[in-house]
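Presented below is the structure to which this report refers.
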Amino acid sequence: MNKNEKKRYLFFVSQDYSFPVLRPLQQKIVMRGDEAKWFMYGDEININYLKRDEERLFNIEDVVEYAPHAVFVPGNVVPSFISGLKVQVFHGLPSAKVKKSGQLYHYIIRGMFDLYCTQGPSSTQKFQELAKQYGFFNVEETGWCKLDPLFPLEKRDDSLKQKSIFFASTFSPRFSKAKILYPLIFDMMKKYDFNWYITLHPKMDLSIVELYKSIDLPNVKFVESTELIESFKKSDLMLCDTSSIIYEFLTQLKPVITFQTEKNAPELINVEDIDKLEETILSVLGNLDINRENIEKSVMQFHPYIDGKSSDRVLMAVDKMLEGKNMPKKKKPLNLIRNFKLRKELGYWKWKI
């Protein structure tokens, strides 16, 4: 393509988690003088989260006509009939969630992407191995664009007496501990002078979500999953179960306490016995550097970038491929079944001649 041509980018999204992932990228695109448009599909995304100055394509015909140079996808699928480079930017950092077969969800290859923008050495190495195995996609380590607004890190003010706890839980009944933890957390909210920030996965059982949202205490704030960064900055530690949000929080080099997590690791302070959880929280709040060395080692592997410029690196990686550099050796598979399902879901049956 002509280097002076204004680039057209598409954000192909179906979940609310896409907004904070893609907005830092959108900011950089606009600063470069290019354009980005959103296409939201399905019934699991809240279109009201779109801001007034963000451009939306309302139907799939408009998307095809828009003819983007590149399509950014935080989700798992993207149809082949939309033009442009298909770029996986991920909706989370690598987590311990595994299929019953033992395969990590983060590394499932569906044959729909040309470029994977990885977040750190640990995921880069695995995806590079998969790229050699499959041959139809490229891998560039860029850092994660969602975390750009988190940096540079703010120095913690240890003189503040009132501590803050960020509580998060995943939606899967297999992994989530939100229901079990509610009585203990609610009791601690009333007992101690801590601030609490709470976020629950958008797909969580609504009865559990309402349980937490109904807490009416001045020191408790429910945070939507699209607006987490500022609450991360204000929190001293995180309490969680098994979720990739753990690793988003850890990039601040702050401690994370997990309760009965699926896969324990040195960077986490895991508690198996609920009767010991309260004393562990109090102990860590009294010494926030208790696990600092393990956290630093871990972060250097999964997201070592602290410059807030991951979005720039993503766009540079895309530029190279649009210029014909670093192209995969093979063509992507036809993916007939997945593409048929997407055509059916989107109601698009036109074919290129």
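For the stretch 140-149, does any single residue satisfy the condition of being open to solvent by less than 30 Å² (accessible area, probe 1.4 Å), touching a Leu at 6+ places or on another chain (Cβ under 7 Å) and either part of a strand (DSSP E or B) or within 18 Å of D312 (Cα to Cα) (or both)?
As a first pass, look at the stretch 140-149 and keep what is open to solvent by less than 30 Å² (accessible area, probe 1.4 Å): 142-148.
From what is left, the residues that are touching a Leu at 6+ places or on another chain (Cβ under 7 Å) are 144-145.
Narrowing further to those that are either part of a strand (DSSP E or B) or within 18 Å of D312 (Cα to Cα) (or both): 144-145.
Looking through the stretch 140-149, at least one residue is open to solvent by less than 30 Å² (accessible area, probe 1.4 Å), touching a Leu at 6+ places or on another chain (Cβ under 7 Å) and either part of a strand (DSSP E or B) or within 18 Å of D312 (Cα to Cα) (or both).
Write out, first by first residue and then by second, each pair whose Cβ atoms fall under 7 Å of each other, whose residues are 6+ apart or on separate chains, and whose first residue, in the stretch 277-305, is within 26 Å of Q162 (Cα to Cα) and touching a residue at least 12 places away in the same chain (Cβ under 8 Å) while the second is open to solvent by 50 Å² or more (accessible area, probe 1.4 Å) and assigned to a loop (DSSP other than H, G, I, E, B).
Close Cβ pairs satisfying both conditions: V284/I290; N294/P266.
Taking the stated definitions as given, is E248 assigned to a helix (DSSP H, G or I) and either closer than 30 Å to F72 by Cα or at pLDDT below 95 (or both)?
Here the answer is yes, as E248 does meet what is asked.
Any chance you could count how many residues in the stretch 259-277 are modelled with pLDDT under 95 and farther than 21 Å from E296 by Cα?
Qualifying residue count for the region: 1.
Taking the stretch 191-208 as the search range and keeping residues that are part of a helix (DSSP H, G or I) and open to solvent by 60 Å² or more (accessible area, probe 1.4 Å), which one is nearest to P149 (Cα to Cα)? Give the steps one after another, and end with the answer.
So in the stretch 191-208, the residues part of a helix (DSSP H, G or I) come out as 191, 206-208.
From what is left, the residues that are open to solvent by 60 Å² or more (accessible area, probe 1.4 Å) are 191, 206-207.
On the way: K191: 33, L206: 30, S207: 32 Å.
Once the filter is applied, the top-ranked residue is L206.
So which of L277, L282, L342 ends up being in contact with a strand residue (DSSP E or B) (Cβ under 6 Å, 6 or more places away or on another chain), of a type in the set (A, V, I, L, M, F, W, C) and not in a loop (DSSP other than H, G, I, E, B)?
L277
Given the conditions (1) open to solvent by 20 Å² or more (accessible area, probe 1.4 Å); (2) modelled with pLDDT of 95 or more; (3) among the acidic types (D, E), report the number of the one that E154 does not fulfil.
Of the numbered conditions (1) open to solvent by 20 Å² or more (accessible area, probe 1.4 Å); (2) modelled with pLDDT of 95 or more; (3) among the acidic types (D, E), the odd one out for E154 is (2).
In the list Y116, Y105, Y49, which residue meets the criterion of being under 29 Å from Y247 (Cα atoms) and open to solvent by less than 40 Å² (accessible area, probe 1.4 Å)?
Y116
Check the stretch 209-230 and report whether any residue there is open to solvent by less than 50 Å² (accessible area, probe 1.4 Å), touching a Leu at 6+ places or on another chain (Cβ under 9 Å) and without any contact (Cβ under 8 Å) to a residue 24 or more places away in the chain.
Of the residues in the stretch 209-230, the ones open to solvent by less than 50 Å² (accessible area, probe 1.4 Å) are 209, 212, 215, 217, 219-220, 223, 225-226, 228-229.
Among the residues that remain, those that are also touching a Leu at 6+ places or on another chain (Cβ under 9 Å) are: 209, 212, 225, 229.
From what's left, without any contact (Cβ under 8 Å) to a residue 24 or more places away in the chain: 209.
Checked the stretch 209-230: at least one residue is open to solvent by less than 50 Å² (accessible area, probe 1.4 Å), touching a Leu at 6+ places or on another chain (Cβ under 9 Å) and without any contact (Cβ under 8 Å) to a residue 24 or more places away in the chain.
The values are calculated or read from the model by the stated rules, or taken from the named source; none is laboratory data. Computed from a predicted model, the values in this text were never measured in an experiment. Cβ: placed from backbone, ideal geometry, glycine included. Neighbour counts: every protein chain shown. Side chains are part of the model used for accessible areas, which takes the heavy atoms of the whole protein and leaves out ligands, DNA and RNA. Shrake-Rupley method; radii C 1.70, N 1.55, O 1.52, S 1.80 Å.
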